[in-house]
Amino acid sequence: MPTESNPAGQQPPTTEAAVWAIRADEAARSVTRLFGRRLLFLPGTHIGAVSIPSRGIRSLFGPWHYWWQAHYVDCLVDTGRRELATKRRFDGDSHPSAGRLASRLVTTIRLRNFFRFVNDYYDDMAWLALSTLRLEKLAEETRKPGRRRNAYIRRKLTLQFDSASTDDLGGGTFWSTKRDFKNTPATAPVALYYARTDHRERAQALVNWLNGKLLHPGRGLYLDGLRIRNGEIVLEDAVYTYNQGPILGALLELGGEENLERAAHLIEAVARELTVPGTQVIHGDGTGDGGLFSGILIRYLALAARDQRLQDSARDIAKVLVLSTAQAFWDGRRESSGDPKSPGLTFSPNPLRPASETYPAGTAVELSTQLQAWMTLEAAATLET
């Protein structure tokens with residue numbers, strides 16, 4: 001059974017999967033070279049610039065985007081898993097491995113976050129906890145024991161999730177330290193984290209709360225959340241692509257007939273509701289935070305596509321969604337014009353619009369959108385054909 005500790009869960013790559021792996025390597029090199037840099041020129045540090053061209057030291061006083069960096073860790077772990085399988089570094093022997101860069105990035109996140117891993121937003125912390133957990137498993141498989149730092153993150157952030165997952169509103173996890181909003185963006189990744197750290201009862205309780213409070217009975221998708229406003233409970237009924245991803249992951253991680261059936265229905269709903277009409281491509285959600293949304297969903301659809309416990313029909317739908325969206329991102333890429341100052345690839349935030357339109361040459365490009373395409377290509381590289 002494919003799991004996050006063995007995400008390949010498959011035979012050696014077919015020719016098409018190998019092509020996706022090559023493309024994922026290209027995306028990895030592009031992002032790490034264009035966006036990756038030291039923090040304040042400190043040796044042993046690595047962080048992703050929020051956008052390029054970078055504003056240099058002025059960027060330290062701009063938006064921080066903690067959770068973008070957490071997904072940067074996840075992407076590096078994806079690449080590190082392929083390095084482990086191929087015994088070949090994605091950027092050559094003269095550059096650090098993806099696992100080493102991921103470890104440096106986690107350390108640098110703490111430095112940039114004023115020497116803390118704790119953040120005001122529980123969903124941000126959940127993404128970092130999940131990516132660090134995957135990094136720890138990668139370290140174990142490469143026979144490079146994880147640093148005590150990883151265990152510290154797990155202890156520290158688990159306490160945060162415990163404090164945010166209360167009986168208020170019947171259950172669920174608060175979104176922020178304001179504690180006035182319980183939503184899918186926080187509850188779903190915390191549930192997945194609990195499931196992956198053997199707190200299965202807590203995970204199932206959060207999943208049950210999402211099913212009871214935020215699952216739309218007609219659309220089959222999870223709504224945004226419940227807000228406490230002037231003493232009243234207000235349903236925020238927006239539907240976001242990325243919210244469907246971690247709850248799908250939690251359903252698969254927990255397993256059991258009911259959860260797996262729910263996962264299959266969710267995959268069908270995603271294909272029906274969240275694709276561009278007339279295609280099997282997951283729609284984009286713009287730039288900024290939305291620049292990550294589709295990629296996060298694709299990550300967990302790839303897990304479903306590899307899960308032998310699901311019926312073939314659900315697995316096939318998930319596989320088609322992953323490969324179609326990855327192909328669209330790849331087809332829409334803008335390649336370097338040969339200018340040594342702008343090497344690499346640029347991906348569009350909208351998979352069905354070319355990057356030459358969404359990011360014309362000379363415009364600022366955001367890290368979130370490039371991570372989205374990279375993680376989508378990584379997802380495609382894990383699938384058998």
Size of the dipole of the range 285-355 about the Cα centre, Lys and Arg at +1 and Asp and Glu at -1 on the beta carbon, nothing else charged, in debye to 20?
100 debye
Sequence-distant lysines (8 or more away, or on other chains) whose Cα lies within less than 28 Å of Lys178:
Lys156, Lys213
By a straight-distance test (C-alpha under 18 Å), which lysines pair with Lys144 as possible cross-link partners, with residues fewer than eight away in the same chain excluded?
Lys87
Would the range 187-321 count as rounded, prolate or oblate if I go by the C-alpha gyration tensor, calling it rounded below 1.5 in a/c and otherwise prolate when a/b exceeds b/c, oblate otherwise?
oblate
Tell me, what is the percent relative contact order of the range 208-263, built from C-alpha pairs under 8 Å that lie six or more residues apart?
21 percent
When the accessible area of the range 291-335 is split by element with a 1.4 Å probe, what percent falls to carbon and sulfur?
44 percent
Take Thr142 and Ile22, extend 7 Å from each Cα along the Cα→Cβ direction, and tell me the distance between the two endpoints in nm.
2.4 nm
Using label points projected 7 Å from each Cα along Cα→Cβ, tell me how many nm separate Glu201 and Arg88, to one decimal.
4.9 nm
Evaluate E = 1/(1 + (r/R0)^6) for Arg149 and Asp120, where r is the Cβ-Cβ distance and R0 equals 22 Å; express this FRET efficiency to the nearest 0.05.
0.55
Given the options Arg227, Arg299, Arg55, state which has the largest fluctuation in a GNM of the chain using a 10 Å cut-off (strictly under) for Cα springs.
Arg55
Carbon-plus-sulfur fraction of the accessible area of the range 34-188, 1.4 Å probe, in percent?
55 percent
Relative contact order (%) - criterion: Cα under 8 Å, at least six apart; region: the chain
20 percent
Exposure of Leu235 as accessible area (Å², to 10), given a probe of 1.4 Å and all protein chains:
90 Å²
Please find, in a Gaussian network model of the chain (springs between Cα atoms separated by less than 10 Å), the residue of Thr86, Thr346, Thr184 whose mean-square fluctuation is greatest.
Thr86
Once all protein chains are kept in place, His65 shows an accessible area at probe 1.4 Å, nearest 10 Å², of 50 Å²
Heavy-atom accessible area per residue, the chain, 1.4 Å probe: how many Å²?
43 Å²
Where in the range 341-385 is the amide nitrogen less than 12 Å from a point lying 7 Å along the Cα-to-Cβ axis of Asp331?
351-354
Any aspartates and glutamates with Cα under 17 Å of the Lys137 Cα? List them, leaving off those in the same chain fewer than 8 positions away.
Glu4, Asp74, Asp78, Glu83, Asp198, Glu253
Dividing the helical contributions, -39500 (n - 2.57) per DSSP H run of n ≥ 4, by the residues of the chain yields a 222 nm value, nearest 500 deg cm²/dmol, of -17500 deg cm²/dmol
With springs only between Cα atoms under 10 Å, which of Thr107, Thr369, Thr15 fluctuates most in a Gaussian network model of the chain?
Thr15
Distance between modelled label sites at Arg179 and Val320, nm, 7 Å Cα→Cβ extension
4.7 nm
Once normalised by the length of the range 276-385, the mean sequence separation of its alpha carbon contacts under 8 Å that are 6 or more apart gives a contact order in percent of 33 percent
Against the globular-protein guess of 2.2 N^0.38 Å, express the Cα radius of gyration of the chain as a ratio, rounded to two decimals.
0.93
Once the dipole of the range 233-385 is set up with Lys and Arg at +1 and Asp and Glu at -1 on Cβ about the Cα centre, which of Gly278, Pro351, Leu252 lies farthest towards its positive end?
Pro351
With a Förster radius of 30 Å, plug the Cβ-Cβ distance of Leu40 and Leu159 into 1/(1 + (r/R0)^6) and report the FRET value to the nearest 0.05.
0.50
Roughly how big is the range 135-221's charge dipole about its Cα centre, with Cβ charges of +1 (Lys, Arg) and -1 (Asp, Glu), in debye to the nearest 20?
440 debye
Only Lys, Arg (+1) and Asp, Glu (-1) charged, at Cβ; the chain dipole about Cα centre in debye:
1700 debye
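The values are calculated or read from the model by the stated rules, or taken from the named source; none is laboratory data. All values derive from a computational prediction rather than experimental measurement. Please note: Cβ atoms are built from the backbone with ideal geometry, for glycine as well, and neighbour counts cover all protein chains shown. Accessible surface is based on the protein model in full, side chains and every heavy atom, while ligands, DNA and RNA are left aside. Shrake-Rupley method; radii C 1.70, N 1.55, O 1.52, S 1.80 Å.
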